[in-house]
Amino acid sequence: MSLTINHNLMAMNANRNLGASYQALGTSTRRLSSGLRIGTAADDAAGLAIRELMRADITSFQQGVRNANDAVSMIQTADGALQVVDEKLIRMKELATQAATGTYNSDQRLIIDSEFQAMASEITRIASATQFNGIYLLNGNLSSDTHIGSGLNSTGKLKIHFGAGNDSASDYYYVQIGCATTSALMGPSFSISTQGLAQSTLTQIEQAIISKDKIRANLGAMQNRLENTITNLNIMAENLQSSESAISDVDVASEMTQFVRNQILTQSAVAMLAQANSLPRMAMQLIGG
């Protein structure tokens, strides 16, 4: 290489290497400071696309867990109300058994029947008033076999969505709760004002208890299913998070090695650029300056 004044090729070469090393040093600094291997699409275009899809699924699974937990809370609310209904039905059966015996007169049976009717009214009140987040649970609104979600307010059985997609086989299922009013459980008419009515009402109460137990059993089964779903969603979110981390997160040990290498190269390039910039002065010695 000849000694020239107009073009300092050594300085140009050192400057180019300095720019590359300094850019790589900046990339390593950004990765180490953010903890991300992929900070921009230029780092890994394909990896970025995969990561964003994974992140969307992870957040969807996490929301699905919250949805399922809300559903569990709703079921527990309904089951708690039915537990109170259970207590009322047991008391009603006790009163019907009392009125069915012949040792009471008509006035006494009317007194017994007044408490019986009060219990029946309280069951209907509980069924009509039990709600979760404005959704009435035991008044029959959720007993329909058909779900319609096209309106502002959904009707029919309740849809619990927990998956990342919209597949009926894996992303949601329905909670159906039967009506628990007294008339729904026992029929439209019931009285224990006479011995004969009391005896026939015992059969109605027995059927009401069975109907109530079926509702509670279905709720218990659904709660168990939801709790299993929550466990599975947490596992899927955890494993997907691990995969996303492998794609997106920086390997600190490896990147720190690159950082030190780029730092040394940058410092060397700065030193060599300073030396290369001083080389044209050698020409002055030849000229005699």
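The values are calculated or read from the model by the stated rules, or taken from the named source; none is laboratory data. Predicted model only: the values in this text are computed from it and were never measured. Here Cβ is always computed from backbone atoms with ideal geometry, including for glycine, and neighbour counts include all displayed protein chains.
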Task: Candidate set from the range 221-244 (those that are small (Gly, Ala, Ser) and either under 23 Å from Lys93 (Cα atoms) or loosely packed, with under 13 Cβ neighbours inside 10 Å (or both)); member that is farthest from the chain's Cα centre (by Cα) - done: Ala221
Open item on the list: Which condition from (1) polar (S, T, N, Q); (2) surrounded by 16 or more Cβ atoms within 10 Å (Cβ to Cβ); (3) farther than 24 Å from Ala180 by Cα is the one that Gln117 breaks?
Closed with: (3)
- [ ] Just give me the residues in the range 122-148 being farther than 16 Å from Met74 by Cα and in contact with a strand residue (DSSP E or B) (Cβ under 6 Å, 6 or more places away or on another chain), in sequence order.
- [x] His147, Ile148
TODO: Please indicate, with yes or no, whether at least one residue in the range 150-162 is touching a residue at least 12 places away in the same chain (Cβ under 8 Å), aromatic (Phe, Trp, Tyr), part of a loop (DSSP other than H, G, I, E, B) and within 28 Å of Ala68 (Cα to Cα).
DONE: yes
Task: Residues satisfying the stated conditions in the range 264-284, i.e. under 60 Å from the mean Cα position of the chain (by Cα) and crowded, with 17+ Cβ neighbours inside 10 Å - done: Leu265, Thr266, Ala269, Met272, Leu273
Open item on the list: Being out of contact with any Lys or Arg (no Cβ under 7 Å at 6 or more places or on another chain), assigned to a helix (DSSP H, G or I) and under 25 Å from Ala208 (Cα atoms) is the filter here; which residues of the range 89-107 pass it?
Closed with: Ile90, Arg91, Met92, Lys93, Glu94, Leu95, Ala96, Thr97, Gln98, Ala100
Task: Residue within the range 59-66 that is under 42 Å from the mean Cα position of the chain (by Cα), farther than 22 Å from Asn141 by Cα and aromatic (Phe, Trp, Tyr) present - done: yes
Task: Extreme residue, surrounded by the most Cβ atoms within 10 Å (Cβ to Cβ), among residues of the range 45-73 that are out of contact with any Leu (no Cβ under 7 Å at 6 or more places or on another chain) and closer than 17 Å to Arg225 by Cα - done: Asn67
TODO: Would you kindly identify the helices (runs of 4 or more DSSP H) lying entirely within the range 178-289 that contain at least 3 residues that are within 30 Å of Asn141 (Cβ to Cβ) and at pLDDT 95 or above?
DONE: 182-186, 195-248
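Yes/no matrix, rows are residues, columns are (1) more than 30 Å from Ala100 (Cβ to Cβ); (2) of a type in the set (Gly, Ala, Ser); (3) out of contact with any strand residue (DSSP E or B) (no Cβ under 6 Å at 6 or more places or on another chain):
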site	(1), (2), (3)
Thr155	yes, no, no
Ala169	yes, yes, yes
Gln176	yes, no, yes
Gln199	no, no, yes
Glu206	no, no, yes
Ile235	yes, no, yes
Ser243	yes, yes, yes
